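Undergrad: My questions will all concern the structure given below.
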Amino acid sequence: MNKLIFILAEGFKNVWRHKSSAVSSVFSIYLTLIVSGSLLIVSQNTNKLIEYLRDKYKIEVFFKDSVTEKRVEELTADFKSINGVNSITIISKKDAERIFKSQFGDDILSILGYNPLPISCVINLKKDWPSRIDIKPIISNLRKYREVDEINHQGKLISRIENYYESFLEIMVVIVSITLIIAVFIISNTVKLTILSKKELIRSLQLIGATKSFVKGPFIIEGVVHGLLATVLSFYTIIGVLNFSKYFIYDLTRFDIYYDQVFIFQVLLSLSLLVGFIGSNRAISRFLK
């Protein structure tokens with residue numbers, strides 16, 4: 001118990017004794033967490049937008065004139081088993097006639113004397129795919145049915161949107177990784193200053209048989225404290241900016257920004273503790289070698 005109290009006390013003392021270097025360390029983690037938190041919120045809302053767009057993806061299937069409505073019901077039951085299909089709406093010849101009249105204002109029966117519009121169905125795709133949507137396998141499966149006459153879809157648009165989304169996620173991972181690495185190096189250099197000022201004490205502790213974990217403890221606590229301070233500052237900064245700006249963004253775009261405060265805090269805290277631990281452990285481990 002006394003060892004734990006000593007380690008904690010020394011860790012906090014190190015932060016206080018080297019306030020100027022601690023400020024630079026906390027500020028670097030703060031910037032890292034601001035970038036990471038902002039990208040997290042953008043990612044969550046981009047994912048929400050992608051799900052909204054996926055909900056709008058449609059595949060229109062037109063059947064041959066000889067296909068009966070009963071057979072269409074059987075076919076659509078088969079279509080539902082295709083991976084990626086969420087729901088199907090059948091459009092009968094009478095439904096097609098009503099849609100034509102509502103869109104063009106003319107009664108096709110009075111013009112032609114008969115209804116040439118085919119029976120069709122609209123296929124809605126699942127929006128909660130774990131990866132990008134690839135509709136090629138779906139289209140290939142639909143074309144296998146000889147009763148299918150024509151298929152209209154938004155394949156190119158879907159592929160382009162999904163590609164942009166994947167590229168964004170890859171760029172986000174790279175940016176966060178770079179900022180975390182930079183923060184680790186800054187914390188490591190900050191803790192090194194503390195180590196150099198206490199190298200005689202460290203040597204003395206080693207001579208009397210202190211374990212590596214006992215020597216490392218105060219310096220790791222120092223790095224973790226830097227991370228905790230940065231977490232609090234970055235969390236309230238991000239939430240404050242969001243609360244201030246979300247109403248303006250909604251008024252301009254009618255898009256309601258989604259964010260979970262508890263989840264954001266947990267992510268920021270995890271990142272800061274990880275960076276603080278790795279940075280401080282890296283510095284003291286190199287010295288002890």
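The values are calculated or read from the model by the stated rules, or taken from the named source; none is laboratory data. None of these values were measured; they are calculated from a predicted model. Neighbour counts run over all protein chains shown; Cβ positions are idealised from the backbone, glycine included.
Yes/no per residue for (1) crowded, with 17+ Cβ neighbours inside 10 Å; (2) modelled with pLDDT under 70:
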residue	(1), (2)
Ile135	yes, no
Asn141	no, no
Val148	yes, no
Leu169	no, no
Ile182	no, no
Lys199	no, yes
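Undergrad: Which condition number does Gln103 fail, the rest of (1) free of Cβ contacts under 8 Å to residues at least 24 places away in the same chain; (2) of a type outside the set (Val, Ile, Thr); (3) touching a Phe, Trp or Tyr at 6+ places or on another chain (Cβ under 9 Å) being met?
TA: The single condition Gln103 does not satisfy is (3).
Undergrad: Run Tyr57 past the list (1) surrounded by 13 or more Cβ atoms within 10 Å (Cβ to Cβ); (2) within 30 Å of Ser87 (Cβ to Cβ); (3) hydroxyl-bearing (Ser, Thr, Tyr); (4) modelled with pLDDT under 75 and report the number of the one that doesn't hold.
TA: (4)
Undergrad: Oh, and also: Return the total of residues in the range 260-283 being modelled with pLDDT under 80 and buried (at least 24 other Cβ atoms within 10 Å of the Cβ).
TA: So the count comes out to 4.
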